[in-house]
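Here is the structure we will look at.
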Amino acid sequence: MKDLRVWEQAVATASNWYFGLPSDKRAELDELLEEIMQLKQKLVELVTSTGSSSICRTCGGQCCLLGRYHVSILDILAYRKTGVDPVIPDFSSSPGCLMPSRYRPVTCVIFNCQPIEDRLTAEGRQFLYKFESRLRTTISLTVSLFDIRINRPLLLSCS
């Protein structure tokens, strides 16, 4: 499978790059990665608190079928920061996302279909927009640290 080869190469390249960073740059990156991971977790928790899982189960997660194409180098770096092996994005046979919320691609944590949006209260929507804005800002800060677009979807770029 071509995607698997690209995935393995990307994980190896990202790992080598991450561990080769000067300690001060890596510490700065780690701090931003931690904030990104926390914001992703908050976004997913907010949406799942509305009962979104039942909606996703009903449609079979159609929005996730191509989710593997949205994993970025930044997402792989989050795994490296925490010392956890990356979950290989595979939606061919398993129901639901295998990636823990804090490691999921940005697209996956900010996209909500209309039935899910409809379940959010006005206050919930405000929190959602606030967390999404903070997430985008933090990602922009992270990208500005380096001369590469580490937020770019990996498999979309390499396919």
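Please treat every number below as a calculation from the coordinates, not as lab data. Given the structure is predicted, the values throughout are model-derived calculations rather than measurements. Because the Cβ atoms are built from the backbone with ideal geometry, glycine has one as well, and the counts that use them run over all protein chains shown.
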**Report entry** Sequence of ASP30, ASP75, ASP24 once ranked by neighbouring C-beta atoms within 10 Å, starting from the fewest
**Finding:** ASP24, ASP30, ASP75
Report summary line: Computed over the chain: longest principal axis from alpha-carbon atoms vs helix 73-82 long axis, angle to nearest 10 degrees, is 80
Report summary line: Karplus ³J(HN,Hα) for region 124-137 (6.51 cos²θ - 1.76 cosθ + 1.60, θ = phi - 60°; Hz, whole; x = Gly/Pro) runs x, 4, 4, 4, 4, 5, 5, 5, 5, 4, 5, 4, 4, 5
Query raised in the report: Restricting attention to the alpha-carbon atoms of region 98-159, what are Rg (one decimal) and Dmax (integer), both in Å?
Result: 14.1, 40
Query - Inter-centroid distance (Cα atoms) of region 118-155 relative to region 1-47, Å - result: 14
Query raised in the report: Based on the Cα coordinates of the chain, what is the per residue volume of their convex hull in Å³?
Result: 106
Requested in this report: Would you calculate a helix-derived [θ] at 222 nm for the chain, using -39,500 (n - 2.57) for each DSSP H run of n ≥ 4 and dividing by the full residue count, to the nearest 500?
Outcome: -20000 deg cm²/dmol
Query raised in the report: Which far-off residues, 5 or more places away or on another chain, put their amide H under 5 Å from the one on ILE88, with H placed in the peptide plane?
Result: none
Query - Distance in nm between pseudo-label sites at SER53 and ARG5 (7 Å out along the Cβ direction from Cα) - result: 3.9
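In what order do LYS81, LYS130 fall by count of nearby beta-carbon atoms within 10 Å, going from fewest to most? Intermediate results must be reported in sequence, preceding the final value.
On the way: LYS81 18, LYS130 12.
Lowest count first: LYS130, LYS81.
Run through region 1-41 and list the trypsin sites (Lys or Arg not before Pro) located in a DSSP loop whose Cβ has at most 10 other Cβ atoms within 10 Å.
On the way: sites: LYS2, ARG5, LYS25, ARG26, LYS40; in loops: none.
Sparse-neighbourhood loop trypsin sites (Lys or Arg not before Pro): none present.
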